[in-house]
Amino acid sequence: MTYPDITLLPQLAAYFNISIDELMGYEPQMDKMEIRKCYYLLAEEFSSLSFEEALEHCHEKIKKYYSCYPLLFHMGILLVNHFMLAGSPEKSEQILEEARELFSRVKTEAEDPNLGKEALQMEAYCLLILKRPEEILELLGEDAIITNPAEPVLASAYQLLGNASEAERILQIGIYKEVVALCNVLSSYMNLCTGGAEEFEEICSRFLAVAQAFQLEKLHPGIMLPGYLMIAQGWAVRKEWKKSSKQDQFFSEAGRGIWISRAKRGRKNNDCKASYRDAGSF
């Protein structure tokens, strides 16, 4: 079997009124649903295959869709979520650096400003785990521009269009994002608090009050883990052993809740696969 001269590809594509990518069967982009499906499939492989096999499949997707920046962003997230499975500190560092490079590419090349902003934050997060604070300051800068959230404006626009339900949905998303961000900041602030027991207890009370008001143990138990850990460590430093032990218990319960949630999700996915197999057998 012979193939046409590569110099003839533009003429062949023009003859059939298609692009060269279509002529070669190459699809450089994936839509949101395809990206989401790809992410979950690859995430599952990190638990069902060896780390090397799952990583190789990630590399194949990255290589094939290197100009699909939303996919590259999610591949970076995938690597950040699984780098600790690499088997050695050196390999883990290599995976984190690979994720950082993906975020850097997305930040530089993506036309979507929101995606670029998220990639910038994730690149800084990778540098934080890699313990390279000077590069974080250089990347973000002390004079980073703080913009107001877009959700109120978007919600007002939907309200003017008569779509109150969409306006409500947008605002709920905005509230959720800001609450999660606030809890993250409070966790970091607790870690830096060098004051006495009274000052530390006030910070802890604010964190727990926000968490209770928005039911974060149910909605986002993962955000509670670092908070409980910081509270337990803070009380341990102040030799308040009973209070520290109580937070350790909360930490364990939150971690167990995450494990149970993931186990249920895994069983649900397996049930879906079994249904598909059963349907295909008819």
Just list whichever of K61/K131; K37/K107; K37/K64; K107/K131; K37/K61 have alpha carbons separated by over 18 Å in the model shown.
K61/K131; K37/K107; K107/K131
Output the Cα-based Rg and Dmax of the stretch 155-196 in Å, rounding Rg to one decimal and Dmax to a whole number.
16.6, 53
Rounded to the nearest whole number, the Stokes-Einstein translational diffusion coefficient of the stretch 147-252 at 37 °C and 0.692 mPa s (Kirkwood radius, C-alpha pairs) in µm²/s is 215
Return the sequence-ordered ³J(HN,Hα) values of the stretch 128-140 in whole Hz as given by the Karplus equation 6.51 cos²θ - 1.76 cosθ + 1.60 applied to θ = phi - 60°, using x for Gly and Pro.
5, 5, 6, 6, 10, x, 4, 5, 5, 5, 5, 6, 8
Mind pulling the per residue volume of the convex hull built on the Cα atoms of the stretch 109-184? Å³ is fine.
114
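Among the GluC sites (Glu not before Pro) within the stretch 62-141, which fall in a DSSP loop and have no more than 16 other Cβ atoms within 10 Å of their own Cβ? Intermediate values should be presented prior to the final figure.
On the way: sites: E90, E93, E97, E98, E101, E109, E111, E118, E123, E134, E135, E138; in loops: E111.
For GluC sites (Glu not before Pro) across the stretch 62-141 that sit outside H, G, I, E and B with at most 16 neighbouring Cβ atoms in 10 Å, the list reads E111.
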Gain on full stretching of the segment that runs from Q172 to N81 - 0.36 nm per residue minus C-alpha separation:
30.2 nm
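No value in this document is a laboratory result; all are computed from the given coordinates. It should be emphasised that the depicted structure is a prediction, and the values quoted were computed from it without experimental measurement. FYI the Cβ positions are ideal-geometry reconstructions off the backbone, even for glycines, and counts take in every protein chain you see.
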